[in-house]
Structures are given as C-alpha cells and as structure tokens.
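Asks: The structure under discussion is supplied below as structure tokens; questions concerning it will follow.
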Amino acid sequence: RATMSPSGVRRPRPRRAATEEAIIFTDPQPRAALVIGHPGHELRVHHWIERTHPLVFVLTDGSGHTGVSRLASTTAVLERAGATPGSIYGRLSDREVYRAILDGNVDLFAGLADELAAALDRAEIGCVVGDAVEGFNPGHDVCRLVINAALLRSSRHPANFEFPLEAAPEDCPPEGRAEAIRLELDGDALQRKLAAAAGYPEMAHEMERALANHGRASFGVEHLRPVRYGLEIGGRHPQPPFYETYGEKQVAAGIYREVIRFRDHMAPLAEGLGRRAARGGLIACASS
C-alpha cells in the first residue's frame, strides 16, 4: 500500500499482510501515459489522472454512427484534471476505425502502434494505462492491441496497465491483485469525478447505465490491472463477443451495413500485428 503526495509522488506505507487492496509502486513515480479508444473513457480513471497528470492519447473522436465528435468534452475534462493531449488525439472517426477493422487494415493499426511507441519513448514514459479487452466494443479492443503492439516496439518497456470499461470499476482478477494499482477515492475526489461525468453531455446515457449496473459507490475505486497478455486476445472474453450480437441488431435496424466479428476480423488483425511486432516490421507512419 502507498499514498501519494499532492505532487503525485508516491510515499510508501509500512508493509502489511497482502490483501486485495495491495499496491506496488515505484518511487519516484515514472511519467505516465493514458491511451484510450474513445473520448469519455478518461472518466473511469479520473482520480488517477488528477494524481499523475498523464500524457493522453485518444484513437478516435467518439463520433459513433452520429458523426458528431465528443473530443471537446474530453479536452475540457483533461484540462481541469491537469493532463496533456498527446500526438494521437482523435485521429480517426469511429466509422474509419470500424471500416479498417472490417478491411483487415493491419498497416493502419501498425502505423498507429509505431507512432505511439515513438511518442512514449520521446516523452520517457514509464507507465502506460489504457482500455482493457472485454469483447464489448471492437474499438476498445483494438485500442488495447495498438497499446500492446506499441509497447513491444518501445525501447523503454514501460509498465502496462488496463482498466475495465464495461465491468465494475473495482473488478480485478485475483492473480493480478498483488501488482494492481488500487486508488480509493475520498468524498471530494468522488464528487469531482461524478461532476466531471455530469458535465459531459455526450456520455449521459453511458453514465446512467454504468451507475444502474454498478452503483455510485463502485466509482469510488479505480483499479488499474497489470497487463499480462500480448496480441493473443481470444481468451479475454466470451465467444461470440457482445459486439457481434449488438452489430447484428444494428444491421437489422439499418444502422450498420456489416457486422464486425472476432474470428473474421479481430483475430486476423491481432495476428497481423503480432507478426509485424515479432519481426520489428511495424511501419513508421500512421498518417494514412
């Protein structure tokens, strides 16, 4: 267990018997980065952002099928919390990401991974936190693939953590608890977090659903779990994943034209990124 000073430097407490609240910190604290698939994900780790002031990378603009970006709301949240946008910040629309997944565009995601790796190295990042693979949204899962591919390319080998976006905020498998970062928010920190969510109009529906599913108190914990997997993500969620059944409904409703499927699209994409990373063949430019 440890606590953090207002400056963000972690001060170790005396050790005690290991519990599910155990945290392992390094001192001094390494510079941190947050990498998320969509704007709004930062709300899940709002207090961690307040304490670490990370460099933040956002793959998409969060426009969904409406075509309306929500990046400005995320920028406002990050400014108030003291974070800094990175070089990849709303680079793609959601439609572009989903199209690239359907087309098996390994080059696009390999380029993003290569660019992210270079940015993390330039900024001397020692800790990366990002979306977990849950099988809920392919944009979330492909973000994790890009993160893991980037860290295979990084010369600094930063620590790698994830947080859930659909599961309860405090969710952490038993085998990861000893190395997880667990932050318990006091009343003021929780109020700031909920106020940030309330001030994010594009996330109102998602917040209502999350609060209904998990309760207000659950958001008083932020659990960052160590990532112990690479680009093989098939066992990280049930089959078929939620996004397949949801996609089928969207196609039936005339909103989508095609369904993103794990076996046909995500698995080959992960394999392609794995091959590139294994032979050091990630391309150097993601401008396409």
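Asks: If you go through the stretch 139-156 one residue at a time, do you hit one that is touching a helix residue (DSSP H, G or I) at 6+ places or on another chain (Cβ under 7 Å), closer than 25 Å to Arg51 by Cα, open to solvent by 10 Å² or more (accessible area, probe 1.4 Å) and in contact (Cβ under 8 Å) with a residue 60 or more places away in the chain?
Replies: no
Asks: Given the criteria farther than 17 Å from Arg275 by Cβ and free of Cβ contacts under 8 Å to residues at least 12 places away in the same chain, does Arg122 qualify?
Replies: Judged against the criteria, Arg122 is a match.
Asks: When you look at Gly230, is it buried (at least 17 other Cβ atoms within 10 Å of the Cβ), more than 19 Å from the chain's Cα centre (by Cα), under 18 Å from Asp141 (Cα atoms) and not hydrophobic (A, V, I, L, M, F, W, C), yes or no?
Replies: So Gly230 does not fit the description; no.
Asks: Return the residues of the stretch 183-212 that are part of a helix (DSSP H, G or I), open to solvent by 20 Å² or more (accessible area, probe 1.4 Å) and free of Cβ contacts under 8 Å to residues at least 12 places away in the same chain; say none if nothing qualifies.
Replies: Gly187, Asp188, Gln191, Ala195, Ala198, Ala204, His205, Glu208, Arg209, Leu211, Ala212
Asks: Can you find even one residue in the stretch 252-260 that is out of contact with any helix residue (DSSP H, G or I) (no Cβ under 6 Å at 6 or more places or on another chain) and part of a helix (DSSP H, G or I)?
Replies: yes
Asks: Which numbered condition trips up Ala168, out of (1) open to solvent by 40 Å² or more (accessible area, probe 1.4 Å); (2) assigned to a loop (DSSP other than H, G, I, E, B)?
Replies: The one condition Ala168 does not meet is (1).
Asks: Let me ask something else about it. Tell me the residue from Val77, Val129, Val45, Val97 that is open to solvent by less than 30 Å² (accessible area, probe 1.4 Å) and in a strand (DSSP E or B), please.
Replies: Exactly one of Val77, Val129, Val45, Val97 is open to solvent by less than 30 Å² (accessible area, probe 1.4 Å) and in a strand (DSSP E or B), namely Val129.
The values are calculated or read from the model by the stated rules, or taken from the named source; none is laboratory data. Keep in mind that this is a model prediction, so the values were computed, not measured. With ideal geometry, Cβ positions are generated from the backbone for all residues, glycine too; neighbour counts draw on all protein chains shown. Ligands, DNA and RNA are excluded from the accessible area calculation, which covers all protein heavy atoms including side chains. Shrake-Rupley method; radii C 1.70, N 1.55, O 1.52, S 1.80 Å.
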